[in-house]
Amino acid sequence: MHVDRYAPSPTADLHLGNLRTALAGWLLARHAGGRWLMRVEDLDAARVRAADGAESRQLADLAALGLTWDGDVVRQSERTGLYRDVLAGLRDRVYECFCTRREIAAAGSAPHDDVRPYPGTCLRLTERERSRLRDERVPALRIRADGAEQDVVDVHAGRVRGIVDDFVLARGDQFAYNFAVVVDDIAMGITHITRAGDLLGSAPRQAWLTRLLGGTPATYAHVGVVVGADGKRLAKRDGPLTLAGAGGPARVFPRLASSLGLGPCRDTDEALAAMPPGQGFWTSRISIT
Ligand code: GLU
């Protein structure tokens, strides 16, 4: 069974690129006779509060395009008990890290794809140093990956191998994106992940943690960035980027479907009927004019 999810962060309205990613995931799931789940990634309480009402506008926009989801909306803010339990189970593999971002950058490990590997500084602290630092800073908790490497399979990029550093699972009482995503994808039985291409760099870490927690890594479809007529990443200069601003579903749906190579379909029924066999129906970097 093909099970995908859409996982918006309710910190701004969805723009055309987000909607196009959602449509791609929905089509792949429905075409495979599978399920498409909705998970609101609202752990960053301050940013969510600052974007008051974004979640309901996001869900309304998706529904207006006919992108219906199965089951109830899952909210990460309601699942912290689960994250706490899973983290407790990893107790022997996590360590406290007191480094600031600036200190990590100064330690000079070169960025690797989109990921700057953590150099392991705090792994080597003595218990004495640790207890002194605890008085000064709230530690982050990092997973000990022992220099692992992990392959992921992406329908466009193919097999991608990435190094797995000692990434952060939690910071104070805030669970980190890379951790919550993995716990949820396992708990929700996700087999396929369609999401924005800029997350490809974090996929090896997530797949590695999935295996460590006894899950099976999903097959990924990282959708390329959306570009305007000038070939540059779509931005406000290309016109309004929200569903309402760009003319509502009747105007936007055909643009999204065309940008996925399906022609100017008017709705989800037409788009599903236009789907070719297989999964590689969009190019990785595509114009949405
Ligand atoms: N919440 C993330 C975002 O809005 C997506 C995470 C994911 O799909 O893994 O960028």
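The values are calculated or read from the model by the stated rules, or taken from the named source; none is laboratory data. Quick caveat: nothing in here was measured; it's all calculated off a predicted structure. Counting neighbours? That spans all protein chains shown, and the Cβs are built from the backbone with ideal geometry, glycine included.
Quick look at the values:
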item	result
Qualifying position, being over 18 Å from SER9 (Cβ atoms), in contact with a Gly (Cβ under 7 Å, 6 or more places away or on another chain), modelled with pLDDT of 90 or more and surrounded by fewer than 22 Cβ atoms within 10 Å (Cβ to Cβ), among VAL164, VAL153, VAL138, VAL160	VAL138
Residue within region 234-244 that is surrounded by 22 or more Cβ atoms within 10 Å (Cβ to Cβ) and within 13 Å of the ligand (Cβ to nearest atom) present	no
Considering residues of region 256-277 that are assigned to a helix (DSSP H, G or I) and of a type in the set (D, E, K, R) only, the residue surrounded by the fewest Cβ atoms within 10 Å (Cβ to Cβ)	ASP269
Close pairs (6 angstrom Cβ cut-off, 6 or more residues apart or separate chains): in contact (Cβ under 8 Å) with a residue 24 or more places away in the chain and farther than 10 Å from GLY215 by Cβ in region 182-195, in a loop (DSSP other than H, G, I, E, B) and not aliphatic (A, V, I, L, M) anywhere	THR191/HIS2; HIS192/HIS2
Residue match in region 70-93 (condition: among the basic types (Lys, Arg), away from the ligand (no atom under 12 Å from the Cβ) and over 21 Å from the mean Cα position of the chain (by Cα))	yes
Residues of region 30-58 satisfying the condition of being closer than 18 Å to ILE186 by Cβ, away from the ligand (no atom under 12 Å from the Cβ) and either of a type in the set (A, V, I, L, M, F, W, C) or in a helix (DSSP H, G or I) (or both)	TRP36
